[in-house]
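Here the structure is laid out as structure tokens; the discussion comes afterwards.
The values are calculated or read from the model by the stated rules, or taken from the named source; none is laboratory data. Every value quoted in this text rests on a predicted model; they were computed, and no experiment measured them. Reconstructed Cβ throughout: ideal geometry from the backbone, glycine too, with neighbour counts over all protein chains shown.
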Amino acid sequence: MAATSSGTAKVTLPTDEQILITREFDAPKHLVYKAYTTPELVKRWWSGHRGETTITEIDLRVGGTWRYAMVAEDGSEVAFHGEYRELVPNERIVMTEVFEGAPETPDAEAPLNIVTFTEVDGRTTLTLLVQCASKEVRDMIINSGMEAGMQEGMDLLEQIAISLR
């Protein structure tokens, strides 16, 4: 399993079609989950330090959709959207994720994100498994520079979760 981590979140590549991100937070899981799923809180962490999040639309229900957009430091817009497939509050989120700058992606080929929240002694481990349709899609995501922004976002997510105590 190759590791590509450069920050507080650990990034590994368990299979040719998967990216596994693991990050521990100094906050209980209900607060990490709240910061991860509440639009006004997502707006504060999602873009990391790479720009300003301008849209956080969340219809948090199975079959509901989400969309996040930001204006990056260079003035370009970056946006993602998807659909919630499974929700267990404070425990698990399964959702698709489509980068709006990529060629049209059929729903069946959209990366599937499986997010779990596990708490031990008031600390939460967030695990994000990205299941891709192919090694090419996985490698495109890894090579996009996503990790640096993700690391910043996860650090901000922790600060926000802690502030909710």
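At-a-glance table
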{"quantity": "Residue match in region 104-113 (condition: hydroxyl-bearing (Ser, Thr, Tyr) and either free of Cβ contacts under 8 Å to residues at least 40 places away in the same chain or touching a Cys at 6+ places or on another chain (Cβ under 9 Å) (or both))", "calculated": "yes"}
{"quantity": "Hits in region 111-139 (condition: small (Gly, Ala, Ser) and touching a helix residue (DSSP H, G or I) at 6+ places or on another chain (Cβ under 6 Å))", "calculated": "133"}
{"quantity": "Residue 152 in contact with a Lys or Arg (Cβ under 8 Å, 6 or more places away or on another chain), closer than 29 Å to residue 28 by Cα, of a type outside the set (A, V, I, L, M, F, W, C) and in a strand (DSSP E or B)", "calculated": "no"}
{"quantity": "Every pair of residues 6+ apart whose Cβ atoms lie under 7 Å, when the first sits in region 45-57 and is part of a loop (DSSP other than H, G, I, E, B) while the second is of a type in the set (Val, Ile, Thr) and surrounded by 14 or more Cβ atoms within 10 Å (Cβ to Cβ)", "calculated": "46/53; 46/56; 47/53"}
{"quantity": "Evaluation of residue 26 against (1) in contact (Cβ under 8 Å) with a residue 60 or more places away in the chain; (2) out of contact with any Ser or Thr (no Cβ under 7 Å at 6 or more places or on another chain); (3) closer than 15 Å to residue 146 by Cβ (one fails), failing number", "calculated": "(3)"}
{"quantity": "Considering residues of region 29-44 that are within 14 Å of the chain's Cα centre (by Cα) and without any contact (Cβ under 8 Å) to a residue 60 or more places away in the chain only, the residue nearest to residue 70 (Cα to Cα)", "calculated": "43"}
{"quantity": "All positions within region 120-136 that are buried (at least 17 other Cβ atoms within 10 Å of the Cβ) and either at pLDDT below 95 or over 14 Å from residue 93 (Cβ atoms) (or both)", "calculated": "132"}
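Results for (1) under 24 Å from residue 140 (Cα atoms); (2) hydroxyl-bearing (Ser, Thr, Tyr); (3) under 14 Å from the mean Cα position of the chain (by Cα); (4) surrounded by 16 or more Cβ atoms within 10 Å (Cβ to Cβ), shown as yes or no for each residue.
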| site | (1), (2), (3), (4) |
| --- | --- |
| 27 | no, no, no, yes |
| 46 | yes, no, yes, yes |
| 59 | no, no, no, no |
| 68 | yes, yes, yes, yes |
| 77 | yes, no, no, no |
| 82 | yes, no, yes, yes |
| 91 | no, no, no, no |
| 96 | yes, yes, yes, yes |
| 104 | yes, no, no, no |
